[in-house]
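Below is one structure, written out as structure tokens, with a few remarks after it.
The values are calculated or read from the model by the stated rules, or taken from the named source; none is laboratory data. What you see is a predicted model; the values in this text were computed from it and never measured. Here the Cβ positions follow ideal geometry from the backbone for every residue, glycine too, while neighbour counts run over all protein chains shown.
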Amino acid sequence: MLSKDELNNGTTFILKLTDATGASVQWVASLRGDIARYWYEIYRRSDWEALRAHGGEVFLDRVSEAHAERVRRAARCVVIHALQIKAEQMSLPQR
């Protein structure tokens, strides 16, 4: 469960997937309020269909594996690691 401070001040989420070749792909996003609550529930329930449908709308900042690991070690964060979803299956942001 996210605390009120985490909801108000923001929580770092790291999304880790693999691509079609098996290479690690990761994104980092700082989420607040209802968006953070929504994504925490996706994480908690392992709602991979919601991740596929809406992940590209939220996880925009693709980072290296080393960067994601530095972020993970620097602060408390939520790591969503969905091995059964390929990066190519995630929705693209609507522009």
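A few comments on the model shown:
- Screening Glu65 against (1) among the acidic types (Asp, Glu); (2) under 29 Å from Lys4 (Cβ atoms); (3) over 13 Å from the mean Cα position of the chain (by Cα) leaves a single unmet condition, (2).
- Scope the stretch 55-68; condition touching a strand residue (DSSP E or B) at 6+ places or on another chain (Cβ under 9 Å), within 13 Å of Lys16 (Cα to Cα) and modelled with pLDDT of 90 or more; matching residues: Gly55, Phe59, Leu60, Arg62, Val63, Ser64, Glu65, His67, Ala68
- Within the stretch 69-95, restricting attention to residues that are closer than 13 Å to Ser24 by Cα and assigned to a helix (DSSP H, G or I), the residue that is modelled with the highest pLDDT is Glu69.
- Selection of the stretch 14-35 for residues being more than 18 Å from Ala66 (Cβ to Cβ), surrounded by 16 or more Cβ atoms within 10 Å (Cβ to Cβ) and either under 9 Å from the mean Cα position of the chain (by Cα) or β-branched (Val, Ile, Thr) (or both) yields only Ile35.
- Being closer than 15 Å to Leu83 by Cα and of a type in the set (Phe, Trp, Tyr) is a property that Tyr38 lacks.
- Test: residue in the stretch 52-64 that is part of a loop (DSSP other than H, G, I, E, B) and crowded, with 16+ Cβ neighbours inside 10 Å: yes
- Considering Ala68, Ala74, the condition of being among the small types (Gly, Ala, Ser) and surrounded by fewer than 17 Cβ atoms within 10 Å (Cβ to Cβ) is satisfied by Ala74 alone.
- Scope the stretch 36-51; condition hydroxyl-bearing (Ser, Thr, Tyr) and either part of a loop (DSSP other than H, G, I, E, B) or exposed (fewer than 12 other Cβ atoms within 10 Å of the Cβ) (or both); matching residues: Ser46
- With respect to being in contact with a Cys (Cβ under 7 Å, 6 or more places away or on another chain) and in contact (Cβ under 8 Å) with a residue 60 or more places away in the chain, Thr18 falls outside the description.
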